[in-house]
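The values are calculated or read from the model by the stated rules, or taken from the named source; none is laboratory data. Keep in mind the model is a prediction, meaning the values are calculated, not measured. We place every Cβ from the backbone using ideal geometry, glycine too, and count neighbours over all the protein chains shown. Just the protein is used for accessible areas: all its heavy atoms, side chains included, with ligands, DNA and RNA removed. Shrake-Rupley method; radii C 1.70, N 1.55, O 1.52, S 1.80 Å.
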Amino acid sequence: DEVEIDAVPVSIESPLSITAEMCDVIEGDCDDAIQVYLDKDKLCFPLKVRRWKEGDVFCPWGMGGKKKKLSKYFKDIKLPLTEKSKVCVIEDNKGRVLWVVGYRRSTLAAVNDKTQNILRIKINHNK
């Protein structure tokens, strides 16, 4: 189960239901469990939505750019095995994990005061 996002706006249904679209302003918290805001100009397209796999690494938001294995992250947050198998990630064309969907975003491609093009990726819970 892998899907590529090479243009926005787009909605996909598998491996999970998400929408990716450009937006002018950030609505709510940047680190929301249901959405993530990214600086589109810092991304290498196409993006890929896929299930996480052993060996995946990301730079969790708030950890000063330090890398962490997803397996260790899941252990730290005490994620049940039944939930772990359902987790998806969004990565860029360089294989960098940008968002552990529904859990935590990476520091990569973070929106800041110089960002001109904001990409919002949101989980669709009403499906």
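Assorted remarks:
- For the stretch 83-93, putting each phi into the Karplus relation 6.51 cos²θ - 1.76 cosθ + 1.60 with θ = phi - 60° gives couplings of 7, 4, 5, 8, 5, 10, 10, 10, 10, 8, 5 Hz, in residue order, rounded to whole numbers and with x for Gly and Pro.
- FRET efficiency for Arg96 and His125, using Cβ-Cβ distance with R0 set to 35 Å, rounded to 0.05: 0.85
- Counting only residues at least eight positions apart within a chain, or on another chain, the lysines with an alpha carbon under 26 Å from that of Lys68 are Lys40, Lys42, Lys48, Lys53, Lys78, Lys84, Lys86, Lys94, Lys122.
- Net lengthening on full extension, Glu27/Ala7 (0.36 nm per residue, minus Cα-Cα): 5.0 nm
- Counted charge near Lys68, where neighbours are those whose Cβ lies closer than 11 Å (Asp, Glu -1; Lys, Arg +1): +4
- Accessible area (Å², per residue) of the chain, counting only protein heavy atoms and a probe of 1.4 Å: 56
- Per-residue 3J(HN,Hα) values for the stretch 99-114, derived from phi via the Karplus relation 6.51 cos²θ - 1.76 cosθ + 1.60 with θ = phi - 60°, read 8, 8, 4, x, 10, 7, 9, 8, 6, 5, 6, 5, 6, 9, 5, 9 Hz in sequence order (x marks Gly and Pro).
- In this simple spin-label model, placing a label point 7 Å from the Cα along the Cα-to-Cβ direction at both Asp113 and Lys66 gives a separation of 2.8 nm.
- Max mean-square fluctuation residue, GNM over the chain, Cα-Cα springs under 10 Å, options Val111, Val97, Val36: Val111
- The listed residues Arg120, Arg51 rank as Arg51, Arg120 when sorted by accessible area, largest first, using a 1.4 Å probe.
- Within the assembled protein chains, the solvent-accessible surface assigned to Arg104 is about 60 Å², based on a 1.4 Å probe.
- Integer Hz, Karplus 6.51/-1.76/1.60 couplings in order for the stretch 64-79, x for Gly and Pro: x, x, 6, 7, 8, 5, 4, 4, 5, 4, 4, 5, 4, 8, 6, 6
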